[in-house]
């Protein structure tokens with residue numbers, strides 16, 4: 001029984017249809033939803049962060065947009081809301097202050113008005129923003 005290993009954490013093996021076992025804890029999960037981003041038993045993840053080149057491209061394009069937007073920052077309330085969304089890890093792509101979908105450090109990116117969540121989880125900014133200079 002093989003499964004595309006990029007769809008499940010390294011600790012998991014498929015033992016039956018829709019049934020996976022964590023090799024670190026021995027616990028079993030039954031699900032028909034793939035991918036499984038994180039093992040709920042041991043914390044192992046299957047997320048592959050962007051390459052260094054992709055991170056550089058993401059940073060450069062977002063920085064250019066930020067400059068064209070006159071370096072506008074969101075208000076602290078909006079910043080806190082963005083970080084809260086990331087901290088709850090709804091998409092399974094948040095780890096140690098960094099978005100693994102785009103590679104950005106959220107303590108910086110979440111301040112920029114023009115910045116967007118690559119998973120479209122951030123709400124639209126409704127409040128007046130400030131210039132970050």
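At a threshold of 8 angstrom on Cα-Cα distance, excluding pairs fewer than six apart, so keeping six or more, what relative contact order does the range 1-46 reach in percent?
Values: 75 pairs, mean separation 18.2, N = 46.
Taking the mean separation of contacting Cα pairs over the length of the range 1-46, I get 40 percent.
If neighbour count is taken as other Cβ atoms inside 10 Å, put 60, 25 in order from fewest to most.
On the way: 60 10, 25 13.
Final ranking by Cβ density, sparse to dense: 60, 25.
Would you work out the relative contact order for the chain, in percent, from Cα pairs under 8 angstrom that are 6 or more residues apart? Before the final figure, lay out the partial values.
Details: 175 pairs, mean separation 29.5, N = 133.
Reported relative contact order: 22 percent.
On average over all directions, what projected area in square nanometres does the range 1-46 have, based on the convex hull of its Cα atoms? Can you show the working numbers first?
Details: hull surface 10.4 nm².
Result: 2.6 nm².
How large is the helix-only mean residue ellipticity at 222 nm for the chain, computed as the sum of -39500 (n - 2.57) over DSSP H runs with n ≥ 4, divided by its residue count, in deg cm²/dmol to the nearest 500?
On the way: 3 runs with 33 residues, N = 133.
Result for the chain, helices only: -7500 deg cm²/dmol.
Among 122, 112, rank each residue by its count of other Cβ atoms within 10 Å, from fewest to most, as a rough exposure measure. Please report the intermediate quantities before stating the final value.
Working: 122 19, 112 22.
Least crowded to most crowded, the residues run 122, 112.
A short reminder: the numbers here are calculations on the coordinates, not readings from a lab. Since the structure is predicted, the reported quantities are computational estimates derived from the model, not experimental observations. Heads up, the Cβs are rebuilt from the backbone with ideal geometry, glycines too, and the neighbour counts pull from every protein chain shown.
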